[in-house]
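Only one structure is covered here, and it is reproduced in the block below.
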Amino acid sequence: MKTKKTLLILGAGTGGTMIANKMVERLDLEEWKIIIVDRDETHYYQPGFLFIPFDIYRPGDVIKPKRNFLPRLVETVVSDIEVIEPDESRVKLANGRTIDYNELVIATGSTVVPEETEGLLDGGWRKNIFDFYTFEGASALARFLRTWDGGRLVVNVVEMPIKCPVAPLEFLFLADWYFHERGIRSKVDLVYATPLDGAFTKPRASSILGDMLEQKGIHLEPTFSTGRVDSTNHKIVSWDDRELDYDLLVTVPTNMGAEVIERSGMGDDLRFVPADKHTLRSDKWENIWIIGDAGNVPASKAGSVAHFMLDVLIENIERHIDGLAPLPLFDGHANCFIESGFEKGILIDFNYDVEPLPGRFPLPGMGPFALLQESPANHWGKMSFRWIYWNVLLKGGEMPFTSQMSMAGKWA
Amino acid sequence: MMSAVDTSILDSLEFDDQNFLVNATDWTPAVGEAIAAELGIVLGERHWVVLNFCRKEWEEHGESPTIRRITKGADVGTKELYDLFPGGPGKIAAQIAGLKKPTGCV
């Protein structure tokens, strides 16, 4: 019997699941087999974690079995990954199995690492210090908030880059709304401490979002890089010795790639895999590809970006199989709905070269979504995205936007 | 006492709207001294350890190093780095070294 070639996908999150669904349709399965490995049988809708602390979403809204989204013709292996041996085109799993591959897609994502910050895991962790980037953290925070009667709530981003850089702002906007609804907004101080010099990474969006923070009475503490947490005295201290007191700290810890990337000697200082930002291929190995936030490409670490990477990645893997050079087609396109509270939202659309601009999306002049301004339609867009995510996006279905960003309908 | 640094050397150079040197190849140590002087920083031996590392990273990888890269590669602690370049060491070291803003911010 002829030995089949192997496409191996590491990680069955947003990126890995999408690529599995697409490649099973594209590759000749007489010639190829597709294997996907993940240590966890549960798929988390990570954009939904934001809503859990405020009881807008319940756990069942963000958790489903991974097998529901993976094609039958793809072999799914549930195991930790021991090590990737890229020079041998081989991966060793923790369950003892070794898989040789012809093409490898790394979709192992990124995760928060609170251990990186001195004092963060000391006395206050999950008592009056919470993260909302994990299911456990978001759920614990929901329980805490139900009985919290006010005080000083500090949200801090420890260091950049982070997954979904708008999420901390959305958390604050939703918190403003939530405490307002509970009638205790006047008893809550909201503070946002960020290492950036403004509310966001891109100048025009930063200025508009900064104004919104001010209008909502949220204090911005820019260029605050957290050096340590003093959980005994309830304060965070920056590397340049500024101090911020908190009663409740909602923290976005350092984000890093998977530990297996470091074990395999394939990552940068944050365990992200160095890759070409336009072809999505590893800088070192020509049969290794990245999707989503496992790589070091300077695009936002978000599901929408993984989606926009998908078509480029498929084409380049197929080209490589055919002996052709990859095409530099990925432009860093990101598209994010930002919840701004009170059933409104903002939409931003940008790429490596063009910052978020005002306009209408996806139909130029029509919308229905308004770019870089608050509207109820943007909020409903965000809320319906959960359905789209589970039913269309993960399965690699068509979405009404192009992978490359368009300038049509934008006001430069 | 602070020694006077001649910053007129910067007049003929092109800077972007965030005050980063447009062409990294226009940079010399004297340009670095002048940019630092405009930012109110007097460069000492430890600053140069960082700046030389940044230039080396740029020559080898074409990118400005992140703070983590600097602390691992140049043997300078994070705390010391913030003391040397107050306000944002990744950005300010890149600025003085004549490089682009580090791309950690997306």
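The values are calculated or read from the model by the stated rules, or taken from the named source; none is laboratory data. This one's a predicted model, so the numbers in the text were calculated from it and none came from an experiment. Here Cβ is always computed from backbone atoms with ideal geometry, including for glycine, and neighbour counts include all displayed protein chains.
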(request) Scan segment A:255-281 for residues that are away from chain B (no Cβ under 14 Å) and outside any loop (DSSP other than H, G, I, E, B) and report the count. (result) 6
(message) So residue A:352 ticks every box in (1) over 24 Å from residue A:49 (Cα atoms); (2) exposed (fewer than 14 other Cβ atoms within 10 Å of the Cβ) but one. Which box is left unticked?
(response) (2)
(request) Counting only residues that are under 29 Å from residue A:300 (Cβ atoms), give me the strands (runs of 3 or more DSSP E) lying completely in segment A:144-246 with at least 2 of them. (result) A:151-157, A:188-193, A:218-221, A:226-230, A:235-238
(request) Go through segment A:203-252 and give me each residue that's within 14 Å of chain B (Cβ to nearest Cβ), surrounded by fewer than 19 Cβ atoms within 10 Å (Cβ to Cβ) and either touching a Leu at 6+ places or on another chain (Cβ under 7 Å) or in contact (Cβ under 8 Å) with a residue 60 or more places away in the chain (or both). (result) A:203, A:204, A:221, A:222, A:228
(message) So for segment B:30-37 (the condition being away from chain A (no Cβ under 14 Å), touching a residue at least 40 places away in the same chain (Cβ under 8 Å), surrounded by fewer than 17 Cβ atoms within 10 Å (Cβ to Cβ) and assigned to a helix (DSSP H, G or I)), does at least one residue qualify?
(response) no
(request) Could you tell me which residue of segment A:40-77 is farthest from the chain's Cα centre (by Cα), considering only residues that are within 23 Å of residue A:110 (Cβ to Cβ) and among the acidic types (Asp, Glu)? (result) A:41
(request) Give the residue, chosen from A:316, A:296, A:287, that is polar (S, T, N, Q), under 28 Å from residue B:68 (Cα atoms) and not assigned by TED's automatic domain parsing to the domain that holds residue A:218. (result) A:296
(request) Any residue in segment A:321-332 that's surrounded by fewer than 19 Cβ atoms within 10 Å (Cβ to Cβ): show its pairings with residues that are outside any loop (DSSP other than H, G, I, E, B) and at pLDDT 95 or above at Cβ separation under 6 Å, as long as the two are six or more apart or on different chains. (result) A:329/A:312
(message) I need the full set of residues from segment A:282-310 which are within 13 Å of chain B (Cβ to nearest Cβ) and closer than 17 Å to residue A:8 by Cα, in order please.
(response) A:295
(message) Please go through segment A:299-316 and give me each residue that is more than 13 Å from the chain's Cα centre (by Cα) and either crowded, with 24+ Cβ neighbours inside 10 Å or not acidic (Asp, Glu) (or both), ordered by number.
(response) A:308, A:309, A:310, A:312, A:313, A:314, A:316
(message) With the requirement that a residue be within 24 Å of residue B:57 (Cα to Cα) and assigned to a helix (DSSP H, G or I), what does segment B:1-29 give you?
(response) B:10, B:24, B:25, B:26, B:29
(message) Among the residues that make up segment A:181-201, is at least one of them touching a residue at least 60 places away in the same chain (Cβ under 8 Å) and under 23 Å from the mean Cα position of the chain (by Cα)?
(response) no
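Determine, yes or no, whether residue A:391 is touching a His at 6+ places or on another chain (Cβ under 9 Å), without any contact (Cβ under 8 Å) to a residue 60 or more places away in the chain and polar (S, T, N, Q).
The answer is no for residue A:391.
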(request) Just one of (1) modelled with pLDDT of 95 or more; (2) within 23 Å of residue A:239 (Cβ to Cβ) trips up residue A:186, so point out which. (result) (2)
(message) Going by what's in this entry, would residue A:193 be described as buried (at least 21 other Cβ atoms within 10 Å of the Cβ) and within 22 Å of residue A:332 (Cα to Cα)?
(response) no
(message) Restricting to segment A:1-39, and then to whatever is more than 17 Å from the chain's Cα centre (by Cα) and in a helix (DSSP H, G or I), can you tell me which residue is surrounded by the most Cβ atoms within 10 Å (Cβ to Cβ)?
(response) A:20
(request) Among the residues of segment A:40-78, write down those that are part of a loop (DSSP other than H, G, I, E, B), loosely packed, with under 15 Cβ neighbours inside 10 Å and either modelled with pLDDT under 95 or not aliphatic (A, V, I, L, M) (or both). (result) A:40, A:41, A:55, A:58, A:72
(request) Determine which member of the set A:341, A:332 is at pLDDT 90 or above and within 20 Å of residue A:201 (Cβ to Cβ). (result) A:332
(request) May I ask you to verify whether residue A:226 is within 20 Å of the chain's Cα centre (by Cα) and polar (S, T, N, Q)? (result) no
